[in-house]
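Data first, discussion second: the structure below is written as structure tokens.
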């Protein structure tokens, strides 16, 4: 017998192996279409939650168990072991499993038997600091190992991770489980938890470095809640980073942390990239109340290292060749010591057509905005103005006045632009007196606005808004001398839809002159029917008036389409007035729901 030389023998063996691996998959793939994907598996005898866990353990796709790496169907032992482990994770340690096969695939029949229940839990905390011990203890008391409840290994792992995460957030970077036992007694169908947690020392912040920004470090620190020598807290680090990113001064803020396990300290580095110094904006738009709109603004974000800013702007509404509305303003903004608080000084000139007539208003205003917390904002202001009014009504044509005011705003959410539910309240108080005006304009006025959004489910929402405003002033003096800015009008895009802008108010010589009081509300239901599009139906009601006894409510109904965008919803509404001329009107508005 003649033998092949060694090199040729190896080559023949490799060729046969290659042929074998080519033939076997080909044979397998020549079976029916289900075999090409794997083994179909049907599970009976248990609820969906148990089936889902088993299929997940088997890495199945649409109830098909994938082939092994070599292209073979998975064995019965593999399927039974995976199913048994999946059921143990849900507390069933002694299930009866039967696996049968037919032409359609395999069927797994399960009889769960009695589950293993939580029996006792011993969790011992060893923390050096009382505050840390209290915070950790509050979390431990909420453990899921309730006596008599079915054991769930997922709950066990998740809670253990939660404890570790809480320790890290508190700055307990050396916290460890010196004992971590889950003892399962299958014979007695019970499980016990035995933990000992050593908190270790709490780390402190040693150094804070700031780099990349040309703005003063005092400004950066005003937005940060971390200080050198403070106890380390991940939550404070994250909160500071988010506050800096939201400040508007910076394009990005990256936080790097260096941990020294010997000295139990952390060094924090803030790497900051400033926004562009100058910004030019143009505005082109349209509103059914304001008509066409065209504007431009120029902003300097960094007049100095303290982030003083100025904005010069001009815009035109109701664009026509002869009588466009004009609004020109120069605003100087000064950040205050407290983050998100600022002092704004503004000079502006407005020329606009309103129902009462055409007005020209020159204003000097100083405003202090104080961000009390993420939800509350207060605003103090004083406005000095001179107004010239051209009107067919019997009103003063020239006014000079000083009006101090105070405004308090509450948002239940920190980002109203993306809110799908929540509420907002805005309260404004303003006044003037004989000493502050010419002619005498003595009044006290309050304006209250509330908006509420309820999320009924993933698709449906209910929206409610209301406004109540009232003025303490003699009616005759109000009609003749009240500045147009502080008269109440109803009707229009953001008031009672279905009526012309500012058309609902007392009149003089058939001219709407505004009222001392206003009362309006709106109720709306919208439905998310496709990605970022909502369909809405609504009803509005309200009016502006001088005497509560003479109040006559004006009502409307309508429907509309909303397109949800990052800058708020673009709303296209059509509404029918139910009182007065009972006309149909089209309305367009843009902005956040809150």
### Query
Which order results if 450, 124 are arranged by neighbouring Cβ count within 10 Å, fewest first?
124, 450
### Query
Which residues in region 456-478 have a backbone N closer than 18 Å to a point placed 7 Å from the Cα of residue 433 along the Cα-to-Cβ line?
472-474
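In percent, what relative contact order does the chain have, based on Cα pairs under 8 Å that are 6 or more apart in sequence? Mind showing how you got there, number by number?
Details: 1352 pairs, mean separation 35.4, N = 594.
Across the chain, relative contact order equals 6 percent.
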### Task
Could you please rank 359, 57, placing first whichever residue has the fewest other Cβ atoms within 10 Å of its Cβ?
57, 359
### Message
Here are labelled values, (1) 3, 17, 29, 29, 17, 5, 0, 0; (2) 3, 15, 25, 23, 17, 9, 5, 2, 1, 0, 0; (3) 3, 11, 15, 16, 15, 13, 12, 8, 4, 2, 1, 0, 0, and one is the computed P(r) over Cα pairs in 10 Å bins from 0, in percent for what I pasted. Which one?
### Response
(3)
### Query
For labels at residue 52 and residue 96 in the simple 7 Å Cα→Cβ model, what's the distance in nm?
2.8
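In which sequence would 256, 508 go, from the one with the fewest C-beta neighbours within 10 Å to the one with the most?
Numbers: 256 10, 508 15.
Lowest to highest Cβ neighbour count: 256, 508.
Over region 276-325, what is the relative contact order in percent, taking alpha-carbon pairs closer than 8 angstrom and at least six residues apart? Could the numbers behind the result be given before it?
Details: 90 pairs, mean separation 15.6, N = 50.
The normalised contact order for region 276-325 reaches 31 percent.
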### Task
Would you mind telling me the antiparallel percentage of the DSSP bridges in the chain, rounded to 5?
90
### Query
For the chain, what is the calculated [θ] at 222 nm in deg cm²/dmol (nearest 500), taking -39500 (n - 2.57) for each run of four or more DSSP H residues and dividing by its residue count?
-5500 deg cm²/dmol
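Return a whole-number percent for the relative contact order of region 336-591, with Cα pairs under 8 Å and 6 or more residues apart as the contact set.
Averaging sequence separation for qualifying contacts and normalising by length gives 12 percent for region 336-591.
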### Query
Once you sort the root eigenvalues of the Cα gyration tensor of region 384-471 as a ≥ b ≥ c, which label holds: rounded (a/c under 1.5), prolate (a/b larger than b/c) or oblate (the other case)?
prolate
### Message
Ranking request for peptides 276-285, 538-547: highest mean number of other beta-carbon atoms within 10 Å first, then the rest in descending order.
### Response
538-547, 276-285
### Task
Subtract the Cα-Cα distance of residue 256 and residue 228 from 0.36 nm times their separation in residues, and report this length gain in nm to one decimal.
8.6 nm
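Any read-out appearing in this document is the output of simple, stated calculations on the displayed coordinates, not a laboratory observation. Model, not experiment: these values are computed from the prediction. Every residue, glycine among them, receives a Cβ derived from its backbone with ideal geometry; neighbour counts consider all protein chains shown.
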